[in-house]
Amino acid sequence: MHPLTLRFPANAREREFRRGLAEASRTPSRITFLVVAALFLVYALLDRAILPGEVVARIAWVRFGVTAALAAIAASTWHPAWPRFHAAAIAAATGVSIAGLLLIMRLQGPGSGLAIYAGVGVAILGLATLFRLRVPVVLPLELAAGASWLAIALEIGVSREEMLSGAFFIPTAIALGTLAAYTIERYARHAFLHDRAMQEERARADRLLLNILPASVAERLKRSPERIAERHSAATILFADIADFTPLSSSMEPEDLVAMLDEVFTEFDRIVEEKGLETIKTIGDAYMAVAGVPEACGDHLERVVEAALAMRAVAIGESTGGRPVRIRIGIDTGPVVAGVIGRSKFIYDLWGDAVTTASRMESHGAPGRIHVTRAVVDRLHGDYRLEPRGEIEVKGKGPMETWWLEPGEGGGGDEG
């Protein structure tokens with residue numbers, strides 16, 4: 001920030017600070033305006049007890065006029081546009097109060113100047129501290145009040161002692177008011193920057209958490225550190241793996257290999273988000289996603305199938321050294337258990353027979369094909385073509401009847 005004006009170099013940040021300051025000052029401004037207005041009324045009653053009748057008559061209209069003006073300015077704090085004119089309203093309220101006090105000093109005559117200006121100095125100092133009025137607002141008010149006091153003092157002929165006292169108190173009040181405004185605003189701006197830095201750090205931490213956990217799970221974990229484990233009665237799991245990845249990786253430069261994986265998996269992430277799935281994890285060249293977890297949905301199977309067709313289309317469009325990238329995809333559907341494991345590094349994962357079977361469908365599949373189980377065939381709705389593969393021996397599962405899934409004749413299964 002600028003050392004003198006205290007402005008932020010970025011206009012957007014300056015506007016954000018001003019808006020926050022304006023909104024924070026709404027209620028205290030309203031209360032202060034009403035309190036000062038009430039004090040002017042109270043002193044109007046006290047005047048009758050301590051001042052001659054002719055003096056009371058001269059200054060009563062000033063007190064009531066200032067009270068009405070302050071009440072009107074206080075009413076403006078309820079206006080929705082208050083943040084746009086709050087500085088002008090506070091300056092106007094301060095100016096009206098000071099002008100009223102100085103006019104009372106003028107009408108009351110000699111003997112009132114020092115006490116009145118002491119009140120003026122305290123009022124400006126208090127307003128500067130309470131509302132964090134900027135120095136460019138406070139200093140002109142202070143200087144105008146001091147000059148007005150001097151002019152009125154000369155006109156009404158205050159005593160030499162009062163003039164000397166004023167010559168001491170006026171510059172002191174100006175210096176204190178200006179210094180208070182500068183110090184309070186500088187502190188407020190540093191606090192604003194610190195608060196924004198903390199918010200940005202929290203947002204960054206939240207983004208990192210959302211990269212590894214579903215949004216609803218991340219929110220629960222932030223609210224309570226208790227262990228999260230849930231059983232879901234219906235979910236569909238997808239595993240995708242790049243075919244012939246080991247020989248492919250040995251023939252590529254590391255930078256090219258990582259760039260290829262990043263491009264493919266970034267597209268997979270886009271598809272997953274578009275179709276309403278959750279990415280569970282990537283391990284090497286393998287990608288795992290699910291639908292129906294952590295939020296249940298009736299069309300979880302169709303979502304996964306559509307995502308699988310789109311992923312396959314993306315992989316076919318990629319190439320490495322002139323060779324297309326081909327992926328194997330396996331899908332199964334059924335109940336799963338989902339939960340978060342780990343303390344310093346969180347992992348959201350799935351367990352269950354459907355998870356194991358979907359993984360086996362991928363590993364026992366073929367490049368460029370989508371391999372599915374009978375559970376998928378029995379539950380799938382939509383325009384899709386299912387080619388029986390027959391019965392195969394599946395590791396850890398024994399003989400299983402499986403199918404290849406393709407888009408239907410009507411174009412079902414958007415691959416884009």
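I'd like to know if the range 103-117 contains one or more residues that are out of contact with any strand residue (DSSP E or B) (no Cβ under 7 Å at 6 or more places or on another chain), open to solvent by 50 Å² or more (accessible area, probe 1.4 Å) and at pLDDT 80 or above.
There is at least one residue in the range 103-117 that is out of contact with any strand residue (DSSP E or B) (no Cβ under 7 Å at 6 or more places or on another chain), open to solvent by 50 Å² or more (accessible area, probe 1.4 Å) and at pLDDT 80 or above.
Count, please, the residues in the range 324-333 that happen to be out of contact with any Pro (no Cβ under 6 Å at 6 or more places or on another chain) and in a loop (DSSP other than H, G, I, E, B).
Of the residues in the range 324-333, 1 are out of contact with any Pro (no Cβ under 6 Å at 6 or more places or on another chain) and in a loop (DSSP other than H, G, I, E, B).
Residues in the range 268-289: is at least one in a strand (DSSP E or B) and of a type in the set (Lys, Arg)?
Yes, the range 268-289 has at least one match.
When only residues in the range 373-399 that are in contact (Cβ under 8 Å) with a residue 60 or more places away in the chain and open to solvent by less than 60 Å² (accessible area, probe 1.4 Å) count, which is nearest to residue 329 (Cα to Cα)?
Restricting to residues being in contact (Cβ under 8 Å) with a residue 60 or more places away in the chain and open to solvent by less than 60 Å² (accessible area, probe 1.4 Å), the top hit is 376.
Which residue is modelled with the highest pLDDT, if the candidates are limited to the range 336-346 and must be in contact with a helix residue (DSSP H, G or I) (Cβ under 7 Å, 6 or more places away or on another chain) and open to solvent by 10 Å² or more (accessible area, probe 1.4 Å)?
Checking each candidate, the answer is 340.
Among the residues of the range 179-221 satisfying the criterion of being aliphatic (A, V, I, L, M), over 24 Å from residue 339 (Cα atoms) and more than 12 Å from the chain's Cα centre (by Cα), which is surrounded by the fewest Cβ atoms within 10 Å (Cβ to Cβ)?
191
Scan the range 58-67 and tell me whether some residue there is at pLDDT 80 or above and closer than 26 Å to residue 186 by Cβ.
No - not one qualifying residue is present in the range 58-67.
State the number of residues belonging to the range 225-267 that are assigned to a strand (DSSP E or B) and farther than 29 Å from residue 378 by Cα.
0
Scan the range 248-301 for residues that are among the aliphatic types (A, V, I, L, M), without any contact (Cβ under 8 Å) to a residue 12 or more places away in the chain and open to solvent by less than 80 Å² (accessible area, probe 1.4 Å) and jot them down.
Matches in the range 248-301: 257, 259.
Are any residues in the range 6-24 surrounded by 11 or more Cβ atoms within 10 Å (Cβ to Cβ) and more than 21 Å from the chain's Cα centre (by Cα), and if so, which ones?
6, 7
Collect the residues in the range 334-375 that are under 17 Å from residue 300 (Cβ atoms), β-branched (Val, Ile, Thr), under 38 Å from the mean Cα position of the chain (by Cα) and assigned to a strand (DSSP E or B), keeping them in residue-number order.
336, 337
Since residue 227 meets every condition but one in (1) touching a helix residue (DSSP H, G or I) at 6+ places or on another chain (Cβ under 6 Å); (2) within 30 Å of residue 353 (Cβ to Cβ); (3) not hydrophobic (A, V, I, L, M, F, W, C), which condition does it not meet?
Against the list (1) touching a helix residue (DSSP H, G or I) at 6+ places or on another chain (Cβ under 6 Å); (2) within 30 Å of residue 353 (Cβ to Cβ); (3) not hydrophobic (A, V, I, L, M, F, W, C), residue 227 comes up short only on (1).
Quick one: in the range 69-101, which of the residues that are without any contact (Cβ under 8 Å) to a residue 24 or more places away in the chain and farther than 20 Å from residue 148 by Cα is surrounded by the fewest Cβ atoms within 10 Å (Cβ to Cβ)?
Among them, the one singled out is 80.
Test residue 228 against the stated conditions and say whether it is open to solvent by less than 50 Å² (accessible area, probe 1.4 Å) and either closer than 30 Å to residue 371 by Cα or of a type in the set (Val, Ile, Thr) (or both).
Considered against the rule, which asks whether it is open to solvent by less than 50 Å² (accessible area, probe 1.4 Å) and either closer than 30 Å to residue 371 by Cα or of a type in the set (Val, Ile, Thr) (or both), residue 228 comes out as yes.
Cβ-Cβ below 8 Å, separation at least six or inter-chain, first residue in the range 308-322 and surrounded by 14 or more Cβ atoms within 10 Å (Cβ to Cβ) and modelled with pLDDT under 70, second assigned to a helix (DSSP H, G or I) and not acidic (Asp, Glu): which pairs?
Taking only residues 6 or more apart or on different chains, the pairs are 318/260; 318/264; 320/248; 320/260.
The values are calculated or read from the model by the stated rules, or taken from the named source; none is laboratory data. It should be emphasised that the depicted structure is a prediction, and the values quoted were computed from it without experimental measurement. We place every Cβ from the backbone using ideal geometry, glycine too, and count neighbours over all the protein chains shown. When the accessible area is computed, the model is the full protein with side chains, heavy atoms only, and any ligands, DNA or RNA have been set aside. Shrake-Rupley method; radii C 1.70, N 1.55, O 1.52, S 1.80 Å.
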